[in-house]
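Chemist: Once you've had a glance at the structure underneath, I'll fire off some questions.
The values are calculated or read from the model by the stated rules, or taken from the named source; none is laboratory data. Everything quoted here is computed from the prediction, not taken from an experiment. Glycine also receives a Cβ, built like all others from the backbone with ideal geometry; neighbour counts cover every protein chain displayed. Keep in mind that these areas ignore ligands, DNA and RNA; they rest on the heavy atoms of the full protein, side chains included. Shrake-Rupley method; radii C 1.70, N 1.55, O 1.52, S 1.80 Å.
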Amino acid sequence: MTARLDFLAQPAIATHIKRVASASMVADSVLPNALQELCRLRASQINGCGVCTDMHVKEAIHAGEDAHRLHLVAAWREANCFTDPERAALELTEYATRMADAAGVPDDVWLNASKHFDEEQLAALVFVIAIIQFYNRLNVITRQPAGDYEPGQWS
């Protein structure tokens with residue numbers, strides 16, 4: 001597959017992408033990296049973004065996440081290897097990614113997440129989910145090819 005656009009070849013666009021990337025750093029101090037990667041991976045799977053799916057699997061493994069758990073992210077409801085906070089975050093991620101299907105995020109999903117995360121952590125989680133949606137759409141719309149990502153490549 002050939003990409004429709006090369007974002008990094010256009011300095012003005014590359015600068016804006018770097019600004020969005022810096023906004024995602026808000027979560028780094030309040031949410032475990034593994035949790036962020038699980039949420040990014042799940043949203044990317046739902047959105048069909050090969051670039052982000054590839055990236056976040058590799059980043060999660062690089063950060064020490066268990067490959068077995070990563071294989072089960074798509075079936076997290078049936079898998080017994082995820083903690084209650086991880087389940088709450090994955091559920092919020094799914095509803096936030098499929099907003100049109102459920103007319104938003106239901107109150108019970110938000111309440112469940114708020115049992116496991118304080119306000120600062122919830123805000124960071126919302127940032128993680130929202131920003132991965134941006135990248136998923138950017139990559140899918142422009143048909144960015146997947147598979148060549150190396151951990152830390154975009155750090």
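Chemist: Quick one: would you say THR93 is closer than 19 Å to VAL30 by Cβ, touching a residue at least 40 places away in the same chain (Cβ under 8 Å), assigned to a helix (DSSP H, G or I) and not acidic (Asp, Glu)?
Modeler: Against the criterion (closer than 19 Å to VAL30 by Cβ, touching a residue at least 40 places away in the same chain (Cβ under 8 Å), assigned to a helix (DSSP H, G or I) and not acidic (Asp, Glu)), THR93 qualifies.
Chemist: With respect to ARG87, determine if the residue is touching a residue at least 12 places away in the same chain (Cβ under 8 Å) and of a type in the set (D, E, K, R).
Modeler: No, not satisfied.
Chemist: Could you run through the range 1-19 and say how many residues are open to solvent by less than 70 Å² (accessible area, probe 1.4 Å), more than 21 Å from the chain's Cα centre (by Cα) and under 12 Å from ASN139 (Cα atoms)?
Modeler: Residues flagged as open to solvent by less than 70 Å² (accessible area, probe 1.4 Å), more than 21 Å from the chain's Cα centre (by Cα) and under 12 Å from ASN139 (Cα atoms) within the range 1-19 amount to 1.
Chemist: If you go through the range 31-49 one residue at a time, do you hit one that is open to solvent by 60 Å² or more (accessible area, probe 1.4 Å) and without any contact (Cβ under 8 Å) to a residue 12 or more places away in the chain?
Modeler: Within the range 31-49, one or more residues are open to solvent by 60 Å² or more (accessible area, probe 1.4 Å) and without any contact (Cβ under 8 Å) to a residue 12 or more places away in the chain.
Chemist: Sticking with this structure for a sec: All but one of (1) in contact (Cβ under 8 Å) with a residue 12 or more places away in the chain; (2) of a type in the set (Gly, Ala, Ser); (3) within 18 Å of GLY152 (Cα to Cα) hold for SER22, so report the exception by its number.
Modeler: For SER22, the failing item is (1).
Chemist: List every residue pair whose Cβ atoms lie under 6 Å apart, where the two residues are 6 or more positions apart in sequence or sit on different chains, the first residue falls within the range 138-155 and is outside any loop (DSSP other than H, G, I, E, B), and the second residue, located anywhere, is at pLDDT 85 or above.
Modeler: Short answer, once both residue conditions are applied: ASN139/CYS49; ASN139/VAL51; VAL140/CYS49.
Chemist: Yes or no: ALA12 free of Cβ contacts under 8 Å to residues at least 12 places away in the same chain and not acidic (Asp, Glu)?
Modeler: yes
Chemist: While we're on this one: Quick one: count up the residues across the range 94-116 that are in contact with a helix residue (DSSP H, G or I) (Cβ under 8 Å, 6 or more places away or on another chain), open to solvent by 100 Å² or more (accessible area, probe 1.4 Å) and at pLDDT below 95.
Modeler: Total satisfying the criteria: 0.
Chemist: Which count do you get for residues in the range 1-38 that are assigned to a helix (DSSP H, G or I), within 19 Å of GLU65 (Cβ to Cβ) and not small (Gly, Ala, Ser)?
Modeler: Within the range 1-38, residues that are assigned to a helix (DSSP H, G or I), within 19 Å of GLU65 (Cβ to Cβ) and not small (Gly, Ala, Ser) number 5.
Chemist: Quickly run through the range 74-113 and pick out the residues that are of a type in the set (Phe, Trp, Tyr) and closer than 17 Å to ASN33 by Cα.
Modeler: Across the range 74-113, the qualifying residue is only PHE82.
Chemist: Here is a further query. I need the full set of residues from the range 69-87 which are in contact with a Lys or Arg (Cβ under 7 Å, 6 or more places away or on another chain) and either in a helix (DSSP H, G or I) or surrounded by fewer than 16 Cβ atoms within 10 Å (Cβ to Cβ) (or both), in order please.
Modeler: VAL73, CYS81
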